[in-house]
Structures are given as structure tokens and as C-alpha cells.
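The values are calculated or read from the model by the stated rules, or taken from the named source; none is laboratory data. Keep in mind the model is a prediction, meaning the values are calculated, not measured. Cβ atoms come from the backbone with ideal geometry, glycine included; neighbour counts cover every protein chain shown. Ligands, DNA and RNA are stripped out before the accessible areas are found, and what is left, the full protein with its side chains, is counted by its heavy atoms. Shrake-Rupley method; radii C 1.70, N 1.55, O 1.52, S 1.80 Å.
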Amino acid sequence: GRAYALMAIVGVSAVIALAIYLRDIHILPVLMALGNTYGLLLVALLLGYGLVDLPRKWWRQACPASELRRARIMAGSADEALFDAVWELQDCEESIDAAVTSIEDARRKAGHAGSQDEDAAYTKSVDKLLKWRDKTAVLSPELERRRTASHRRNHDNGHAEVSGELNSDDDDSAAPSIEKLAQLGARLKRAQANVVSAEQRWNSLVKRARWFADLAEGEGPPPPTSGSATRRSRVQTSEPLVVDQSNTVKGRAKYCWTKYFRSTTYRVMGMATAGLSVMVLWSEATLAIPFNLSPFALFLGAADKGETRGIWYQIVAMAPLLYMSACMFSSLFKLSIFGPYCLRGRKQSPGVALVFNAQYLVRLQFPLIYNYLLMLKYDTSSTTCAFSKVMSHMETVPFFGTSFNIYAPLLILAFCGFTLINGYARLLGMLGFEHEDMVYLSDQDTLDSKENEGITLIRRHGERQASRSETEDLKLRNEEEGKGLSPLGRSTSRESSSSFRNGIV
């Protein structure tokens, strides 16, 4: 709320200042110039990071051993984050249990709960809170083992003791108000979403580590014809077998791709994206020069056939913009600039974060396209394009509507250099946050210790999974023999014992 209030104050002040300067009121151009300025600064930050990170990501993934070491080092922080998420959920559940106890005690002492309407609304709030609490009453076995038996409270996040959370007065036995119950409900939903996100991040990291372990051990998973003998021989390795290849066309194709083409393709993509990044940076650096030195403008000129502009002209015009968009949007997954609303990877982000980032993607597309047109020095004066006509209104605003759009893209060069030396990761490290780009910035002894810890965590996780699978199969087999269940009953029972994800996010 404060950010939007500050933006409103700045907007009103800018309109008044421009009206005094021009002796006329121009509301729309001022709002457009302010929005474009804010969007262009954010585009410079995201694009400056993505132009370096995307090629570097392709190049790193071409080496399975490097990515395996990276995943193992990050396993410790992911495991710790999952523990913290489960403990925070447990704190919320204990707070809710304490609230329900205080409500029962207060009602037992008072003998009634006020008017009938107030009592109905209060009871409905309590029932809804308990309904949400029951969604995580029984977690998956992997999460249940992370619960703590000790009484604890998370003071680091600003959560007070139970009595302080529930009661604003000195009477600890007083029932909490509906507002306090609503706060508990909001805290519970956040805790449940954090558990889902942390669990999915941990599982994704484990799967990634095992996958790269397969690649690093033999430059690809075993061939499809290896059979069960090969699987038995690899059970004792430090990482469980990931890719259970079968003698199918899909399995053979995946094996051939992984063994013969994957590393080469990733390196080619890394070099290609690095070349595109260099051309984008050169175009941005020469934007203020009166001569058109952009390579993309030269490509467009070569593909321009006059009035008969075909599909190749559209492809040449669209390819650089798509690459810039990919660099900018991929940065949202890495730069946690939106706090709790940041994206966390595939199937790891709550719905609110997805909607919030989708809004930003739409907003940022307009300043990005405007910057792309300026970078090409494309003459839009003779066109009837609605976009150019709307954006031309900003020229009424001094500096922010004219010169700023020319020189602000130079910030992209600064952010690229900052990313190239891992400045963003170093800055987060100084603030106490852990970023995956911080992996190789520690000393060798620390990295080796974290890697060994990650190997142990991933191996123990695989052993627990194997033990639970064997126990479940034995139990289902005994039930099938005793009750005459069909084999279909196994899959049904297995699905019913899955995690609690459905219905939370």
C-alpha cells in the first residue's frame, strides 16, 4: 500500500510541476512517461541480468559433473528450508490449537457467547479455520519425519508467543477475536503454501541431482537393453538410478540424445545465445549515436523487399525481441525482487505469485518493445501504427519523455557487468541470503563440505524412499493375499497415500 501511495504522490507532483513548467495541464503524457521510466529501469535490471545468465546457464548445463556438484551443494539449503517450512506450519497448528482451547475455556466460564448472530459468525470462523488446519493434519511420511517434538516458536519471522498472538489484553484465558482468527488463518495458508513450495523445490533438486549423476557417471543413462541386471548393479552407487529406461523407441531416443547430442547441443546454444547477447548490448550501447550500427537493423534491411515483406522479414524482426523477452522473463525466476511474490521454478510458485508476475510481464512488454524500436532506429513517423502514436505523447514531457529513453538503456551494460562478476549473488550474500550463484564463491573447503553434506542428504532420502516403497509393497501384497484384492487395488491405494498438495495452492 505504501509503494502505491508513494507512486501516486510522485505522479501528482509530476503533473503539477509539468503544468507549471509548460503552463498547461498534460496528465496522460506525464503518467505515460512515469510508467515508461519505471518500466524501463526494471527492464534494464532484468535484461542486464538475463543477457549474461541465459548463455551461462546453457554452457553450464552442458557439463553434467559441474551441474551435479552445483545441485549437491544446494541440497543443504533446500533441506534446511523444508525443515523451516514444516516447523513454521507446526507453529501455526499449535497456535490454532491454543486458540481453540482458549475459546472452549472462555465459553465454559461464560456459559454463553453473546448474541445469536455474533455467535453464528464466530462459530463459522472457527469452523473454517479448523477446516484449513485439517488439510495438513496428516502430511506425507517425508514431511512428518521433519516435525519437531520440542516446543518452539519462530521469533525470527516476528511471530510472538501463543498468548501474545491471540490476546491483546492481559487475560490469557480470553477468547481471540474474529480478527485474530483471520490473522491465524492467513498465517496458516502462507505456511501451507511454503511447505508445498519447499517440498517441491527439494524434490526437484533431488531429481536434478540424480539425473546429472547418471549423466556424469557414464555420459548418459544405461542403454534400454541393459535390463534388471544393470539396475541391480547400480543400486550401490552414491546416487540412485534416475532414468529407468525400457526397451522402447522413446527410451532409445532419450538415451541417444543424452549420450551423443545433449552436451554438444547445449554448448552450441550457449554460444548462439552469447552471440545474441553481444549484439543486443552493442545495439544498446550505440543507441545514442546518430548512425544506425545495430546488427539487427542490418538484418532487417537485408530481409526488406519493399512492399512485399514476407515471412522472413517478420521472423528476422521477431527473433531479437523474443530473445530479449526470454532473457528478461527468465530473470524473474532468479532475481527475488518481489519477495514473497517471486517465482520459484516449475510447480513451485503459489497462484498469487503467478498472477502477480503475469501482471508485471504484461506491463514490462510495452517499455521493452519501445526500447527495441529505439534500438533499431525504426522510422515510425510514416506509419499508422497505434503503438507509435500512443507512445509519441511522451515527447511532451521534458527529459523523461525524450532523452531518458535514449540514455537509460546504457544501464543494461552496467547490470551486465555486475552480473558477470556475480555481483548480485555477492550482494545477497552480504545481506544474509543464499543464492544459487553463490555456489562457487566460497572457499574450496566450504564447498567440499557442502557437497559431501548434499551427497549424504540425497542418499538418505533415496534410502528412505526405497524402504517405504518396499514396506508399502509388502503391506499391499499381504492385503491382496488376505482379502483377494486385484492388482488394480495396489495403484489405487498407492495414489491415496500421496502428499497433501492438492487443494492447498
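Laid out as a table, the results:
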| read-out | value |
| --- | --- |
| Test: ASP53 is within 30 Å of SER204 (Cβ to Cβ), assigned to a helix (DSSP H, G or I) and of a type in the set (D, E, K, R) | yes |
| Residues located in the range 407-425, provided they are surrounded by 13 or more Cβ atoms within 10 Å (Cβ to Cβ), in contact (Cβ under 8 Å) with a residue 40 or more places away in the chain and not small (Gly, Ala, Ser) | PRO409, LEU410, LEU411, ILE412, LEU413, PHE415, CYS416, PHE418, THR419, LEU420, TYR424 |
| Pick from the range 446-463, criterion surrounded by 13 or more Cβ atoms within 10 Å (Cβ to Cβ) and of a type in the set (Lys, Arg), ranking: modelled with the lowest pLDDT | LYS450 |
| One residue from SER115, SER125 being modelled with pLDDT under 85, over 30 Å from LEU447 (Cα atoms), among the polar types (S, T, N, Q) and open to solvent by 50 Å² or more (accessible area, probe 1.4 Å) | SER115 |
| Failed condition for SER197, given (1) surrounded by fewer than 17 Cβ atoms within 10 Å (Cβ to Cβ); (2) outside any loop (DSSP other than H, G, I, E, B); (3) among the polar types (S, T, N, Q); (4) at pLDDT below 85 | (1) |
| Wholly within the range 237-326, helices (runs of 4 or more DSSP H) carrying at least 2 residues that are open to solvent by 40 Å² or more (accessible area, probe 1.4 Å) and at pLDDT 90 or above | 262-285 |
| Residue within the range 170-179 that is part of a loop (DSSP other than H, G, I, E, B), touching a Leu at 6+ places or on another chain (Cβ under 6 Å) and modelled with pLDDT under 85 present | yes |
| Of the criteria (1) at pLDDT below 80; (2) part of a helix (DSSP H, G or I), which one PHE400 fails | (2) |
| Residue in the range 57-77 that is under 13 Å from LEU188 (Cβ atoms), touching a helix residue (DSSP H, G or I) at 6+ places or on another chain (Cβ under 6 Å) and open to solvent by less than 20 Å² (accessible area, probe 1.4 Å) present | no |
| The range 407-445, subset β-branched (Val, Ile, Thr) and modelled with pLDDT of 75 or more, residue nearest to VAL280 (Cα to Cα) | ILE412 |
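Conditions (1) among the hydrophobic types (A, V, I, L, M, F, W, C); (2) closer than 30 Å to MET271 by Cα; (3) at pLDDT below 90, marked per residue:
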{"position": "ILE16", "(1), (2), (3)": "yes, no, yes"}
{"position": "ASN36", "(1), (2), (3)": "no, no, yes"}
{"position": "LEU41", "(1), (2), (3)": "yes, yes, yes"}
{"position": "TRP58", "(1), (2), (3)": "yes, yes, no"}
{"position": "ALA99", "(1), (2), (3)": "yes, no, yes"}
